[in-house]
């Protein structure tokens, strides 16, 4: 990534504190819900590749495997391993990224934007659709612990992940691997929260490069119509919450 961090921010118009970015504060900044064509539902997986019961369920419900649209997007599906804040594998043998077709299309657009601006970078996905059955498993693990606040209760409207409308992701550098974003994925503390980045940059707890990496990710996702949140640098939703609830059904 060429040029100074300051020149990058000037070019991007992001000298204001990141908490003031309306795309992170409100879902209304996303582009209209029906503004993009929807890809066809996922075909059956290639012959010879084993599929889990969950994957077959997602295909039947019309969700799309992101690799159907763009195989350059990397996968590191953390909840299919114990390498996550739960320290448990809650997906079993399912390790693919499935999303609602319109959300998958936007993610492919974000990758295209990122690659055009930074040819050495790729998106790396940590979590996509999360069926509510998995949300119940996660809730049972954290219920009554100090991690309870980090998992949406499975009842009611649930998480945007439960609709296949949200994605957790970071950046991958082709030569060196996972890009340093200042904290790991699913690190739940102030250092991971975009609203405090200016303060942590000033105090030296985040470096200019780490904040720049986060801005690059946000700019790429915003360009495709996603919006982030103020508490997690990795979490993005494809449409406003009310649009998600009106347009999609929870994946059970």
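No value in this document is a laboratory result; all are computed from the given coordinates. What you are looking at is a predicted structure, and each value in this text was computed from that prediction instead of being measured. Because the Cβ atoms are built from the backbone with ideal geometry, glycine has one as well, and the counts that use them run over all protein chains shown.
Can you sort 199, 65 from fewest to most other Cβ atoms within 10 Å of each residue's own Cβ?
199, 65
Order of 75, 230 from fewest to most other C-beta atoms within 10 Å? Don't skip to the end; give the middle numbers.
Numbers: 75 17, 230 14.
Going from sparsest to densest Cβ surroundings: 230, 75.
Got the relative contact order for segment 172-252 handy, in percent, Cα pairs under 8 Å and 6 or more residues apart?
26 percent
Using 0.36 nm per residue of separation minus the Cα-Cα distance, give me the extension gain between residue 115 and residue 72 in nm, one decimal.
Gain in length upon complete extension: 14.5 nm.
With the Cα gyration tensor of segment 101-185 giving a ≥ b ≥ c as the square roots of its eigenvalues, does the rule (a/c under 1.5 for rounded; else a/b larger than b/c for prolate; else oblate) give rounded, prolate or oblate?
It comes out oblate by the Cα gyration axes.
Fewest Cβ neighbours within 10 Å first, please rank 233, 139, 172 accordingly.
Listed from fewest to most nearby Cβ atoms, that is 139, 172, 233.
At a threshold of 8 angstrom on Cα-Cα distance, excluding pairs fewer than six apart, so keeping six or more, what relative contact order does segment 53-247 reach in percent?
That works out to 20 percent.
Could I have the simple spin-label model distance between residue 145 and residue 175, label points 7 Å from Cα toward Cβ, reported in nm to one decimal?
The modelled label-to-label distance comes out at 4.0 nm.
What is segment 53-247 by shape, rounded, prolate or oblate, if you read a ≥ b ≥ c off the alpha carbon gyration tensor as root eigenvalues and call it rounded for a/c under 1.5, prolate for a/b larger than b/c, and oblate otherwise? Write down the numbers at each step before the final one.
Working: a/c = 1.57, a/b = 1.17, b/c = 1.34.
Since a/c reaches 1.5 but b/c is at least a/b, the shape of segment 53-247 is classed as oblate.
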